[in-house]
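The values are calculated or read from the model by the stated rules, or taken from the named source; none is laboratory data. Computed from a predicted model, the values in this text were never measured in an experiment. Neighbour counts are summed over all protein chains in view; Cβ atoms, including those assigned to glycine, are modelled from backbone coordinates with ideal geometry. What goes into the accessible areas is simple: the full protein's heavy atoms, side chains included, and nothing from ligands, DNA or RNA. Shrake-Rupley method; radii C 1.70, N 1.55, O 1.52, S 1.80 Å.
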Amino acid sequence: MLSVRGLDAGYGRAQVLFGVDLDVADDSVVCVMGRNGVGKSTLLNTVTGLITPMAGQVVFDGHDITRRPAHARVRAGIGYVPQGHESFAPLTVAENLNVAWEAAGRGPRTLIDDALELFPRLVPLLGRNAGVLSGGQAQQLAIARALVSNPRLLILDEPTEGIQPSIVAEIEEAIATLHDRGIAVLLVEQYLDVALRLAHTVTVLDAGAVVHSAAREELSEERVRALLAI
Amino acid sequence: MDAILNQVPIGIAIGAVLLLAALGLNFTFGQMGVINMAHGEFMMVGAYTAFVTHAWFDLNPDYALLLAVPAAFALTGLLGLALEAGVIRHFYGRPLDTLLLTFGVGLVLQQIARDVFGAPNVDVPAPAWLAGGVDVLGIRLHHARLFILALAVLCVVAIAYYLNRSRPGRQMRAVLHNRDLAAITGIPTRRVDATTFFLGSGLAGIAGVALTLIGPTGPTLGHNYIVDAFLVVVVGGLGQLRGTILAALALGLLNAFSEFWTDASLAKVIVFVAIIGFLQARPQGMFTVRSRALT
Ligand SMILES: Nc1ncnc2c1ncn2[C@@H]1O[C@H](COP(=O)(O)OP(=O)(O)O)[C@@H](O)[C@H]1O
Ligand SMILES: [Mg+2]
């Protein structure tokens, strides 16, 4: 479904990623791990079109999307939940979902109902400004907003970071549910236990390059722990 | 005393024109951060549009003005689109370059106006139905000034509706709040930028049409209003609809009163001093800006 080849990317002249290869097969969950600052978010930002790579290729569903603008990738079927559970703060929760649903411009109206069914905590908050939500609620809104565009690949950057523990479990469960529904998932996750529960493949980045990549069954937990320095 | 009170409607009319100009700037400057120095010349183009409706097309002044409003909106809106696509788009994040380039574009537009219409002011006849006025509590309210006020109110209501109730308005608020988040939400941010510029510039055209009712129409007409309009946006608080309205009225009244007591250029100095004093006390404008959206 997603295939990244030889990706070099960075900010201005500062290169962050060096020849990254990454594959997400249909129907699979891939987890990218690595210490802070190794380039995980940069990788996701490049895949979703926020950053234009210096070299390399991003192929989605057999189409080279390396040069396509970010909004076109959403329409192509890539949903993105960036790090930091941001929302359109001046818009209400309902408007946040509406604006995303309208922008993707193709899905049935039931997509919004489905997303709210997955995150029922959002229902009583629909009329509130998104700016007043707690971290956990905001993260659920961020995931819901990605879902209403009807993605076939959902990309999440540290969805459990800085979220109250009661909601972390709900978010993990939601990701598992979405995968069961046939959505492929590319996930950046700091917690090894969460990663091991969700992922089919774990890829470890260090200093902007892939240093380890293995299917869950073949994964050497010690090796990963050593690479993550935990 | 009566003479002073009679300055109030003049001040409000000036304030309403400033508001129309500032509403446009609110889109392009307040929200997109683009300093478009040609905004004043867009007002000038709007004013000449009103002139052209009767001078070239020989329309009856009684309804030419009503046609001039949408025509000026469309014309200056398209000019804004062209400016955004041809110049400004290539200089996002470079405010000084943008300022100088759009200043140059403004000068070019002035020169074109001189070549086409001549350097002297032209006469734009007001419709007969705007000639009279009503007396309220001893204050003379000219129909023309009431019309300008109504036009400004109509534009404010339309903008508020657009931003809060329509799909492109929602997209605009989303882009203005967080461009990257909007892009990965599927919103075509470039197209939204273009729309923002179209609307902002179009409002300058409407302001220009209104100006023909209270002042002379000439190639440098925009010149006299551009600085005041920027001041309104800054004092009102970037991107704040309510603040912009109050700031425009305050500046309009200030202009009208100080012009009454002193001469025009001294009035400008007084206004500037008042505003510098105000910004010293409240650097964030009249209202605290919580977000960059118009609310
Ligand atoms: N907007 C930016 N501009 C410049 N450098 C950045 C920017 N964002 C991140 N970086 C740098 O790029 C490197 C990788 O960052 P990031 O991809 O966010 O790491 P991770 O998500 O793995 O923690 C870091 O050294 C960081 O300082
Ligand atoms: Mg990160």
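What single numbered condition from (1) touching a residue at least 24 places away in the same chain (Cβ under 8 Å); (2) of a type in the set (Val, Ile, Thr); (3) surrounded by 18 or more Cβ atoms within 10 Å (Cβ to Cβ); (4) more than 26 Å from B:Thr196 (Cα to Cα) fails to hold for B:Thr53?
Tallying (1) touching a residue at least 24 places away in the same chain (Cβ under 8 Å); (2) of a type in the set (Val, Ile, Thr); (3) surrounded by 18 or more Cβ atoms within 10 Å (Cβ to Cβ); (4) more than 26 Å from B:Thr196 (Cα to Cα), B:Thr53 fails exactly one: (1).
Does the range A:83-106 include one or more residues that are within 16 Å of ligand 2 (Cβ to nearest atom), outside any strand (DSSP E or B), crowded, with 23+ Cβ neighbours inside 10 Å and within 14 Å of another protein chain (Cβ to nearest Cβ)?
Yes, some residue in the range A:83-106 is within 16 Å of ligand 2 (Cβ to nearest atom), outside any strand (DSSP E or B), crowded, with 23+ Cβ neighbours inside 10 Å and within 14 Å of another protein chain (Cβ to nearest Cβ).
Within the bounds of the range A:42-50, is there any residue that is more than 16 Å from ligand 2 (Cβ to nearest atom) and in a strand (DSSP E or B)?
Residues of the range A:42-50 more than 16 Å from ligand 2 (Cβ to nearest atom): A:49.
Pick out the ones that are also in a strand (DSSP E or B) and you get none.
No: the range A:42-50 contains no residue that is more than 16 Å from ligand 2 (Cβ to nearest atom) and in a strand (DSSP E or B).
Considering the range B:81-116 alone, what residues qualify as being within 30 Å of B:Pro61 (Cα to Cα) and open to solvent by less than 50 Å² (accessible area, probe 1.4 Å)?
Answer for the range B:81-116, where residues must be within 30 Å of B:Pro61 (Cα to Cα) and open to solvent by less than 50 Å² (accessible area, probe 1.4 Å): B:Gly106, B:Leu109, B:Gln110, B:Ala113.
So which residues in the range B:157-170 are exposed (fewer than 14 other Cβ atoms within 10 Å of the Cβ) and facing chain A (nearest Cβ under 9 Å)?
Looking only at the range B:157-170, we keep the residues that are exposed (fewer than 14 other Cβ atoms within 10 Å of the Cβ), and these are B:157-158, B:161, B:165-167.
Once the filter is applied, which keeps residues that are exposed (fewer than 14 other Cβ atoms within 10 Å of the Cβ) and facing chain A (nearest Cβ under 9 Å), the range B:157-170 yields only B:Arg167.
Inspect all residues belonging to the range A:24-40 and state whether any of them is assigned to a helix (DSSP H, G or I), modelled with pLDDT of 95 or more and within 13 Å of ligand 2 (Cβ to nearest atom). Walk me through it before giving the result.
Restricting attention to the range A:24-40, the residues satisfying the condition of being assigned to a helix (DSSP H, G or I) are A:40.
Okay, now just the ones that are also modelled with pLDDT of 95 or more, so A:40.
From what is left, the residues that are within 13 Å of ligand 2 (Cβ to nearest atom) are A:40.
Scanning the range A:24-40, I find at least one residue that is assigned to a helix (DSSP H, G or I), modelled with pLDDT of 95 or more and within 13 Å of ligand 2 (Cβ to nearest atom), so the answer is yes.
Considering only residues that are modelled with pLDDT of 85 or more and surrounded by fewer than 24 Cβ atoms within 10 Å (Cβ to Cβ), look in the range B:11-44 and name the one that is nearest to B:Leu253 (Cα to Cα).
Among them, the one singled out is B:Gly11.
State which residue is surrounded by the fewest Cβ atoms within 10 Å (Cβ to Cβ) when the search covers only the range A:40-64 and only residues that are within 15 Å of ligand 1 (Cβ to nearest atom) and farther than 15 Å from A:Ile155 by Cβ.
Taking the candidates together, the pick is A:Thr52.
Does B:Gly215 qualify as being in contact with a Leu (Cβ under 8 Å, 6 or more places away or on another chain) and free of Cβ contacts under 8 Å to residues at least 40 places away in the same chain? Explain how you work it out, then say what you get.
Values: in contact with a Leu (Cβ under 8 Å, 6 or more places away or on another chain): yes; free of Cβ contacts under 8 Å to residues at least 40 places away in the same chain: yes.
Criteria met by B:Gly215.
For the range A:65-75, what are the residues that are under 19 Å from the mean Cα position of the chain (by Cα), more than 10 Å from every other protein chain (Cβ to nearest Cβ) and open to solvent by 30 Å² or more (accessible area, probe 1.4 Å)?
Matches in the range A:65-75: A:Arg68 only.
Scan the range A:139-196 for residues that are within 16 Å of ligand 2 (Cβ to nearest atom) and out of contact with any strand residue (DSSP E or B) (no Cβ under 7 Å at 6 or more places or on another chain) and jot them down.
Looking only at the range A:139-196, we keep the residues that are within 16 Å of ligand 2 (Cβ to nearest atom), and these are A:139, A:142, A:155-163, A:186-191, A:194-195.
Correct list: A:Gln139, A:Thr160, A:Glu161, A:Gly162, A:Ile163, A:Gln190, A:Tyr191, A:Val194.
Does at least one position in the range B:70-77 carry a residue that is farther than 18 Å from B:Ala229 by Cα, out of contact with any strand residue (DSSP E or B) (no Cβ under 8 Å at 6 or more places or on another chain), assigned to a helix (DSSP H, G or I) and open to solvent by less than 10 Å² (accessible area, probe 1.4 Å)?
Initial filter on the range B:70-77 (farther than 18 Å from B:Ala229 by Cα): B:70-72, B:74-75.
Now restrict to residues that are out of contact with any strand residue (DSSP E or B) (no Cβ under 8 Å at 6 or more places or on another chain): B:70-72, B:74-75.
If we keep only those that are assigned to a helix (DSSP H, G or I) as well, we get B:70-72, B:74-75.
Still in the running and open to solvent by less than 10 Å² (accessible area, probe 1.4 Å): B:72.
Yes, because at least one residue in the range B:70-77 is farther than 18 Å from B:Ala229 by Cα, out of contact with any strand residue (DSSP E or B) (no Cβ under 8 Å at 6 or more places or on another chain), assigned to a helix (DSSP H, G or I) and open to solvent by less than 10 Å² (accessible area, probe 1.4 Å).
Test A:Ile155 against the criterion of being modelled with pLDDT of 95 or more and either within 16 Å of ligand 1 (Cβ to nearest atom) or aromatic (Phe, Trp, Tyr) (or both), and give yes or no.
Here the answer is yes, as A:Ile155 does meet what is asked.
For the range A:23-39, give me each residue that is of a type outside the set (A, V, I, L, M) and within 16 Å of ligand 1 (Cβ to nearest atom). Steps first, please.
From the range A:23-39, those of a type outside the set (A, V, I, L, M) are A:23, A:26-28, A:31, A:34-37, A:39; that's our starting set.
Selection gives A:Cys31, A:Gly34, A:Arg35, A:Asn36, A:Gly37, A:Gly39.
Could you pull out the residue among B:Ala194, B:Ala182 that is in a helix (DSSP H, G or I), more than 25 Å from the chain's Cα centre (by Cα) and among the small types (Gly, Ala, Ser)?
Working: B:Ala194 fails: more than 25 Å from the chain's Cα centre (by Cα).
Only one candidate passes the filter, namely B:Ala182.
Got a number for residues in the range B:171-188 being more than 7 Å from chain A (Cβ to nearest Cβ) and not β-branched (Val, Ile, Thr)?
Kept after step one, since they are more than 7 Å from chain A (Cβ to nearest Cβ), are these residues of the range B:171-188: B:172, B:175-176, B:179, B:182.
Now narrow it down to the ones that are not β-branched (Val, Ile, Thr): B:172, B:176, B:179, B:182.
Residues meeting the conditions: 4.
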